[in-house]
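To start, the structure under review is shown below, and the notes come after it.
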Amino acid sequence: MKNLFAFLFFNTSHHNYHFPKDFEIYQPVMEENFIFSSTKYERTSYREQILNRYKNSVRFLDHNVSRFLKTLRNNLGSNTIVVFTGDHGEEFWEHGLLGHGKSNYVNQRVKVPLMICDLGRKLPQINFSSHVDIFPTIFDLLDLPPSSQFNGFSML
């Protein structure tokens with residue numbers, strides 16, 4: 001197979017937290033078309049319903065990523081590098097706010113998973129990194145010289 005680069009953005013865990021009805025196991029759940037920015041929903045009395053909607057959407061996301069990985073493993077083999085990350089987290093009033101749109105730089109909003117999987121070898125576990133480290137690490141995995149265009153560093 002020729003070289004392939006694919007970028008997939010799964011939107012299910014972004015507001016309004018989408019999922020099919022058969023993935024609704026956490027209940028009670030907020031109605032599908034609630035207005036996230038409405039001050040009505042800023043009250044913590046809606047926390048359980050909104051959080052359950054989010055957890056159901058993450059469950060649906062996990063299902064889709066699993067299906068994708070199975071297809072990938074069956075069709076691409078061990079010379080595949082897969083990167084998983086998120087663009088932001090969500091706060092559910094842990095520090096007084098809902099969502100991610102306000103400048104409140106707390107772990108719930110800024111600490112996201114970052115996993116780089118090289119299906120052909122075991123990689124070290126790194127406890128702290130940044131998105132700017134992704135491409136330098138991929139270049140390192142591919143034995144390519146580092147680029148001066150990168151701000152980050154290889155995690156290897």
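The values are calculated or read from the model by the stated rules, or taken from the named source; none is laboratory data. Treat the numbers as computed from the prediction; the structure is a model and nothing was measured. Positions of Cβ are generated from backbone atoms using ideal geometry, with glycine treated the same way; all protein chains shown enter the neighbour counts. Side chains are part of the model used for accessible areas, which takes the heavy atoms of the whole protein and leaves out ligands, DNA and RNA. Shrake-Rupley method; radii C 1.70, N 1.55, O 1.52, S 1.80 Å.
Per-structure values
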{"quantity": "Listed residues 106, 56, 76: farthest to the positive end of the dipole of segment 40-143 (Cβ charges)", "calculated": "56"}
{"quantity": "Exposure of residue 71 as accessible area (Å², to 10), given a probe of 1.4 Å and all protein chains", "calculated": "80 Å²"}
{"quantity": "Label point distance in nm, residue 31-residue 85, each placed 7 Å from Cα along Cα→Cβ", "calculated": "3.8 nm"}
{"quantity": "Under 14 Å, Cβ to Cβ, from residue 147 - net charge with Lys/Arg +1 and Asp/Glu -1", "calculated": "-3"}
{"quantity": "Most mobile of 84, 128, 34 in a GNM of the chain (Cα contacts under 10 Å)", "calculated": "128"}
{"quantity": "Helix-only CD estimate at 222 nm, as mean residue ellipticity for the chain, using -39500 (n - 2.57) per DSSP H run (n ≥ 4)", "calculated": "-8500 deg cm²/dmol"}
{"quantity": "Only Lys, Arg (+1) and Asp, Glu (-1) charged, at Cβ; segment 40-156 dipole about Cα centre in debye", "calculated": "500 debye"}
{"quantity": "Spin-label pair residue 126/residue 64, simplified geometry with 7 Å Cα→Cβ offset, distance in nm", "calculated": "2.7 nm"}
{"quantity": "Fraction of accessible area attributable to carbon and sulfur, the chain (%, probe 1.4 Å)", "calculated": "53 percent"}
{"quantity": "Ranked order, 133, 140 - accessible area, probe 1.4 Å, largest first", "calculated": "140, 133"}
{"quantity": "Neighbour net charge for residue 129 - beta-carbon separation under 14 angstrom, K R +1, D E -1", "calculated": "-1"}
{"quantity": "Average Cα contact separation per residue, segment 1-131, under 8 Å, 6 or more apart, as relative contact order %", "calculated": "21 percent"}
{"quantity": "Sum of side-chain charges, residue 65 neighbourhood, beta-carbon under 13 Å (Lys, Arg +1; Asp, Glu -1)", "calculated": "+3"}
{"quantity": "Number of Lys pairs (Cα under 18 Å; 8 or more positions apart or on different chains) in segment 1-136", "calculated": "4"}
{"quantity": "Farthest positive-ward along the chain dipole, Cα basis, beta-carbon charges - from 153, 93, 116", "calculated": "116"}
{"quantity": "Solvent-accessible heavy-atom area per residue, rounded to whole Å², over the chain at 1.4 Å", "calculated": "70 Å²"}
{"quantity": "Packing-based ranking, highest mean first, of 103-113, 143-153, 48-58 given that Cβ atoms within 10 Å are counted", "calculated": "48-58, 103-113, 143-153"}
{"quantity": "Candidates 47, 59, 73, ranked by Gaussian network fluctuation over the chain, Cα under 10 Å, top entry", "calculated": "73"}
{"quantity": "Cα-based shape type of segment 54-145, given that a ≥ b ≥ c are square roots of the gyration tensor eigenvalues and the cut on a/c is 1.5", "calculated": "oblate"}
{"quantity": "Approximate spin-label separation residue 140-residue 5, in nm, with each point projected 7 Å along Cα-to-Cβ", "calculated": "1.9 nm"}
{"quantity": "3J(HN,Hα) from dihedral phi, segment 30-35, Karplus parametrisation 6.51/-1.76/1.60, rounded to Hz, x for glycine, proline", "calculated": "5, 4, 4, 9, 5, 8"}
{"quantity": "Added length on full extension, which subtracts the Cα-Cα distance from 0.36 nm per residue, residue 148 to residue 71", "calculated": "24.2 nm"}
